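The values are calculated or read from the model by the stated rules, or taken from the named source; none is laboratory data. Because the structure is predicted, anything quoted here is derived from the model rather than measured. Cβ: placed from backbone, ideal geometry, glycine included. Neighbour counts: every protein chain shown. For accessibility, only protein heavy atoms count, side chains too; no ligands or nucleic acids. Shrake-Rupley method; radii C 1.70, N 1.55, O 1.52, S 1.80 Å.
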Amino acid sequence: MKPIRTWTKTLLALTLATGLAACGNQSGAGTTAPETATPGQKAAEPAELTVALDWYPNAVHSFLYAAEEQGFFKEENLKVNLQMPSDSNDPLKMAAAGKVDLAISYQPQLIQARAEGIPVVSVAALVRHPLNVIMTRKDGEIDSPQKLAGKNIGYPSIPLDESIVRQVVKHAGADDSGLSFTDIGFDIVPALTAKKVDAVVGGYINHEQLILEKNGVPVNVIKPSDFGVPDYYELVLATSDDTLGKKQQAVEGFLRAIAKGQDYVKNNKEKALDLLLAKQAAEFPLEKDIETKSLDILIPLMDAGDKKFGAMTAESWQTLIDWMKQEKLITTDVKVEDIMRDLVK
């Protein structure tokens, strides 16, 4: 789960072959299979959906592998192909270009893309609250948002992250004018471990925080939503307007299947983790203790309460749209009805 660095402003870039071929076979991305069989006829061929993960397989994706292993996709007459992107910039681009049917992405990223005229739409909220936090070392002097003023902040060169830090500092009554930002890419852990910066943003409570603490670097965590930043959805499930028009029935079946998958994960955490570890990418090996703690953090943050898994609200989208416009992260209006379709039933 890593946010993108930039979002391209041209539709042409969405169709570039560079990087897309590395994401595997996409033969199901542009076709619509029959989804129901006429009584008396042979059962219909499964509808095929290709889904791009946001990053390498980790605890947040457990519901997908559970739905696959437990046959929930098959129950919906779906053949689902799960793909790991070659770059975290790719999934939403691929969905917008029709290279995949669905992509796990980020609520702010969708708003930014839609503001630039890219026809992408969210169909479900997966992680309902932010995972991205500001972290400082416990053995340092920065233990409150006010003490961030004038400090050097490490970040992955994402404008959203800079806005988050400035909002937190101002909300706490301090002056943000003396803040400096150093591009550390996604090297959150080594940057804070080596004290290259005073604080970091862009690290997640279910990943970087756990790794830092496992390696003997306890951290203070400042949650931006406690200091004026909207309590947005960290991860959402996105598709394109075109794909939704062609495959809505299959997408709705997919949503039913992953809801069952998430239920299975909640009730069978050890089995779900074993399944995840069996699916881990060779180039991104997982640590069982980290993923165990991560799943414990994620399950309540993915719980929709009295609503079904994946449900969204228009209020969440409108609040974030308004804040991003205020922060000049977007410069055009985005209509909620264009960017979300709550298909969870």
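Set side by side, the residues 303, 338 differ, and just one is under 26 Å from residue 249 (Cβ atoms) and either touching a residue at least 40 places away in the same chain (Cβ under 8 Å) or of a type in the set (Gly, Ala, Ser) (or both), which is 338.
The set of residues in the range 122-167 being part of a strand (DSSP E or B) and free of Cβ contacts under 8 Å to residues at least 60 places away in the same chain consists of 152, 153, 154, 155. Summed over the range 230-242, the residues that are more than 15 Å from the chain's Cα centre (by Cα) and either small (Gly, Ala, Ser) or not in a helix (DSSP H, G or I) (or both) give a count of 2.
Looking only at the range 174-191, which residues are among the aromatic types (Phe, Trp, Tyr) and open to solvent by less than 50 Å² (accessible area, probe 1.4 Å)?
Within the range 174-191, the first condition is being among the aromatic types (Phe, Trp, Tyr), and the residues that meet it are 181, 186.
Hit for the range 174-191 is 181, nothing else.
Right, residue 279: under 25 Å from residue 52 (Cα atoms), in contact (Cβ under 8 Å) with a residue 24 or more places away in the chain and among the charged types (D, E, K, R) or not? Judged against the criteria, residue 279 is a match. Of the residues contained in the range 310-326, none is found to be charged (D, E, K, R), more than 16 Å from residue 237 (Cα to Cα) and assigned to a loop (DSSP other than H, G, I, E, B). Determine, yes or no, whether residue 294 is touching a residue at least 12 places away in the same chain (Cβ under 8 Å), surrounded by 21 or more Cβ atoms within 10 Å (Cβ to Cβ), assigned to a helix (DSSP H, G or I) and not hydrophobic (A, V, I, L, M, F, W, C). For residue 294, the condition - touching a residue at least 12 places away in the same chain (Cβ under 8 Å), surrounded by 21 or more Cβ atoms within 10 Å (Cβ to Cβ), assigned to a helix (DSSP H, G or I) and not hydrophobic (A, V, I, L, M, F, W, C) - is met. Of all the numbered requirements in (1) among the small types (Gly, Ala, Ser); (2) in a helix (DSSP H, G or I); (3) farther than 30 Å from residue 76 by Cα, residue 245 misses one, and that requirement is (3). Screening residue 199 against (1) open to solvent by 40 Å² or more (accessible area, probe 1.4 Å); (2) in the same structural domain as residue 143 (by the TED database); (3) touching a residue at least 40 places away in the same chain (Cβ under 8 Å) leaves a single unmet condition, (1).
Listed here are the residues, each with its yes/no results for (1) open to solvent by less than 10 Å² (accessible area, probe 1.4 Å); (2) over 23 Å from residue 307 (Cβ atoms).
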residue: 53; (1), (2): yes, yes
residue: 60; (1), (2): yes, no
residue: 63; (1), (2): yes, no
residue: 67; (1), (2): yes, no
residue: 82; (1), (2): no, yes
residue: 87; (1), (2): no, yes
residue: 91; (1), (2): yes, yes
residue: 121; (1), (2): yes, no
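Checking each residue in the range 192-229 for being within 11 Å of residue 137 (Cα to Cα) and part of a helix (DSSP H, G or I) picks out 192, 193, 209, 212, 213.
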